[in-house]
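Worksheet: one structure, shown below.
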Amino acid sequence: MGSGSEAGTGDPEGGPISVKAGETIVVPSGQPITLQDVIWNEPGPSGLTFRFRFVAPQIARGGGSIDPETASADMAALCQTFALPRIDPNGPQPAQIIISLSDRPVPFGEAQPDVTQFFEAYRVENGACIWEMF
């Protein structure tokens with residue numbers, strides 16, 4: 001999760017999101033996924049955006065076993081079953097949630113062409129994640 005004291009990073013000690021970095025998450029494909037961090041202080045195109053960033057080694061181009069379609073289903077599940085329940089209902093509500101998977105940790109905002117990354121954006125409507133095309 002980077003440094004838990006970094007402003008805008010999800011922190012179990014406070015802020016609008018309650019998460020623990022490094023926790024292993026169950027997804028439909030069964031691939032091992034861990035939370036890298038949550039970024040909530042960088043605005044998105046739709047306003048307040050919460051970015052849940054995960055490490056998913058099996059999406060790697062070289063030797064990975066998870067294809068983009070399977071990763072997309074995993075990201076939808078992560079939005080619905082992981083991200084939504086961790087957003088404080090009494091805190092600021094995001095206009096958009098972005099779920100990202102990368103085959104290894106990447107600092108936020110850094111381009112690393114050798115890293116496989118997938119991103120999906122969702123709006124929250126009636127307690128559900130609704131996929132939005134980038």
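The table below lists the values:
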read-out	value
In segment 1-25, the residues that are touching a Lys or Arg at 6+ places or on another chain (Cβ under 8 Å), more than 21 Å from residue 120 (Cβ to Cβ) and either modelled with pLDDT of 50 or more or not in a loop (DSSP other than H, G, I, E, B) (or both)	18
Residue check, residue 78 in a helix (DSSP H, G or I), touching a Gly at 6+ places or on another chain (Cβ under 9 Å) and closer than 18 Å to residue 25 by Cβ	no
Residue count for segment 93-108, restricted to those that are touching a strand residue (DSSP E or B) at 6+ places or on another chain (Cβ under 9 Å), part of a loop (DSSP other than H, G, I, E, B) and of a type outside the set (A, V, I, L, M)	6
Segment 67-76, residues that are touching a residue at least 40 places away in the same chain (Cβ under 8 Å) and either in contact with a strand residue (DSSP E or B) (Cβ under 9 Å, 6 or more places away or on another chain) or farther than 21 Å from residue 124 by Cβ (or both)	68, 70, 71, 72, 74, 75, 76
Residue that is surrounded by the fewest Cβ atoms within 10 Å (Cβ to Cβ) [pool: residues in segment 26-65 that are of a type in the set (Ser, Thr, Tyr) and part of a strand (DSSP E or B)]	34
Those residues of segment 79-134 which are within 20 Å of residue 37 (Cβ to Cβ), touching a residue at least 12 places away in the same chain (Cβ under 8 Å), out of contact with any helix residue (DSSP H, G or I) (no Cβ under 8 Å at 6 or more places or on another chain) and acidic (Asp, Glu), in sequence order	88
Residues of segment 103-134 that turn out to be of a type in the set (Asp, Glu), closer than 23 Å to residue 80 by Cα and exposed (fewer than 10 other Cβ atoms within 10 Å of the Cβ), as a count	1
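The values are calculated or read from the model by the stated rules, or taken from the named source; none is laboratory data. Quick caveat, the model's predicted, so the values are computed rather than measured. Positions of Cβ are generated from backbone atoms using ideal geometry, with glycine treated the same way; all protein chains shown enter the neighbour counts.
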